[in-house]
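Have a look at the structure below before the remarks.
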Amino acid sequence: MIVFFYNIALLAGLLLSAPWWLWRMATTEKYREGLRERLGSVPERLRGLGSGAPVIWVHAVSVGEVLAVSRFVAELDRELPGHRVVVSTTTRTGHALARERFGTERVFYCPLDLPWATRAYLNALLPKMLILAETEFWPNLLNGCFRRQIPVLVVNARISDRSWPRYMRLRRLWRPLLSRLAAVLAQSEVDAARLKAIGCVAEQVSVVGNLKFDVRAAEESEATRLLKHLGLGLRFFVAGSTLEGEETALLEVWPTLLTADPQLAMALAPRHPERFGAVAALLEASGIPRVRRSEWKGKNAESVNPLRGGQVVLLDSIGELASVYSLATVAFVGASLVPAGGHNPLEPAQFGVPIVMGPHYANFRAITEDLIAHNAIRIADKDQLVQALIDLLGDPAEAEAMGERGRRVFEQQAGATARCLASTKALLGLRAPVPPAEPVVLERRT
């Protein structure tokens, strides 16, 4: 009954908003990309897939979720060779990264939560299990799985501070669906308590940790190799996942940082690819020496001008930031100076890099507070930012010690992948998993 009324409201909303969506599709390419797949047209490469090897469908919304499940998917491939793992995404950037990480043939756009669209994919894939990353709860998709007796596993489950009030207001609507989930593997005790409060059955909820603690940059990206070669003798300040307003703040303090360390270069990585052009224009207007990573594409290091102290490299590429963090003398993790919930500080922490982050980190609260408790990160607002960075640049011993504390936090919290894999196998009725192989670890440049 809940799904019936949901569909009435959904279709009414789509009809009312149709002019806006049509306008966005006509004027913005990202709204057109994958539209046929989203509306239920199953790609030829996926049709009939369910008639072969058993299928496990993993859904990861965007870049962050794709990165989080990367090692988990690799372990599913390794531990379940008789199964076929396919991955769906929602955003354009997440889709591009998933194709790069998992291969084009098994990545597709998740259908919109329309009855006919979800039905088409469930009929084509006939999955033995649906695995959702974080809390991508869509009533028609869930209901379609339940009607077919397909177990639904939620990994890396979390309820953010921002989402929590909304879920609580609608908990009576969510309970009939969430109570039928096969297992919910939460990131933290707080997340587990919230998931139970909105309708997940207590016996099905367990705390297994955060998959992002297991994500490691297993190999150098091309950008990292080029920066190593072109920046010999330089130190790098890596500012990652920045949002509008943060690049301006960083460029304002850049001259002061160069006074403290003239041999410093900045690698600046905006969070959203659609902003690469705007940030490039901002750099040009600032007059600061700069170069775009995209200008090096297809070139070897010998054909590119070496970097100089004070220069800014705009990292206008996807999927290379995690590796570039290995070069950092100090790192800034963005989406945190502005009230956007922060980004993942584990990406630099894995390399023992000292980290500075703004005060807005609600989306990564458990991770960040763990780092704070171990004195492995500095939290600074816009007014404190320059001093926090200068302190770390001017005290290499303390910066190194802080970075090592962060690395230890990262290592101590690892293991969520193995626990998620064990739950997957248990739900599939398979044997206990072999301990996962240790990945190759990309070391920080010293």
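The values are calculated or read from the model by the stated rules, or taken from the named source; none is laboratory data. What you see is a predicted model, and the numbers here were worked out from it, not measured in a lab. Glycine also receives a Cβ, built like all others from the backbone with ideal geometry; neighbour counts cover every protein chain displayed. What goes into the accessible areas is simple: the full protein's heavy atoms, side chains included, and nothing from ligands, DNA or RNA. Shrake-Rupley method; radii C 1.70, N 1.55, O 1.52, S 1.80 Å.
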Search result, residues across the stretch 124-143 that are closer than 21 Å to Ala53 by Cβ and open to solvent by 10 Å² or more (accessible area, probe 1.4 Å): Ala124, Leu126, Lys128
Residue tally, condition touching a strand residue (DSSP E or B) at 6+ places or on another chain (Cβ under 7 Å) and part of a loop (DSSP other than H, G, I, E, B), over the stretch 177-236: 9
Test: residue in the stretch 354-361 that is open to solvent by less than 10 Å² (accessible area, probe 1.4 Å) and within 16 Å of the chain's Cα centre (by Cα): no
Residue list for the stretch 350-381, restricted to those being basic (Lys, Arg) and modelled with pLDDT of 95 or more: Arg378
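Looking at the stretch 371-393, which of its residues are open to solvent by less than 30 Å² (accessible area, probe 1.4 Å) and either within 17 Å of Leu250 (Cα to Cα) or within 21 Å of the chain's Cα centre (by Cα) (or both)?
Once the filter is applied, which keeps residues that are open to solvent by less than 30 Å² (accessible area, probe 1.4 Å) and either within 17 Å of Leu250 (Cα to Cα) or within 21 Å of the chain's Cα centre (by Cα) (or both), the stretch 371-393 yields Leu371, Ile377, Ala380, Leu385, Ala388, Leu389, Leu392, Leu393.
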Those residues of the stretch 40-71 which are over 17 Å from Val87 (Cβ atoms) and modelled with pLDDT of 90 or more, in sequence order: Gly40, Ser41, Glu44
Residue within the stretch 279-290 that is touching an Asp or Glu at 6+ places or on another chain (Cβ under 8 Å), buried (at least 16 other Cβ atoms within 10 Å of the Cβ), aliphatic (A, V, I, L, M) and in contact (Cβ under 8 Å) with a residue 40 or more places away in the chain present: no
Residue in the stretch 107-123 that is open to solvent by 10 Å² or more (accessible area, probe 1.4 Å), over 29 Å from Pro348 (Cα atoms), of a type in the set (Asp, Glu) and assigned to a helix (DSSP H, G or I) present: no
The stretch 40-89, residues that are open to solvent by less than 10 Å² (accessible area, probe 1.4 Å) and in a helix (DSSP H, G or I): Leu46, Val66, Ala68, Val69, Phe72, Val73, Leu76
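If you go through the stretch 144-164 one residue at a time, do you hit one that is part of a helix (DSSP H, G or I), out of contact with any Phe, Trp or Tyr (no Cβ under 7 Å at 6 or more places or on another chain) and under 21 Å from Arg36 (Cα atoms)? Full working, then the answer.
Step one: filter the stretch 144-164 for residues part of a helix (DSSP H, G or I), giving 144-147, 164.
Now narrow it down to the ones that are out of contact with any Phe, Trp or Tyr (no Cβ under 7 Å at 6 or more places or on another chain): 144-147, 164.
Now restrict to residues that are under 21 Å from Arg36 (Cα atoms): 144.
Yes, the conditions are met somewhere in the stretch 144-164.
For the subset of the stretch 148-171 comprising residues that are among the basic types (Lys, Arg) and touching a helix residue (DSSP H, G or I) at 6+ places or on another chain (Cβ under 9 Å), which member is most open to solvent (accessible area, probe 1.4 Å)?
Ranking the candidates gives Arg162 first.
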Residue pairs meeting the criteria (Cβ under 7 Å; at least 6 apart or on separate chains; first open to solvent by 20 Å² or more (accessible area, probe 1.4 Å), in the stretch 185-203; second of a type in the set (Ser, Thr, Tyr)): Val201/Ser179
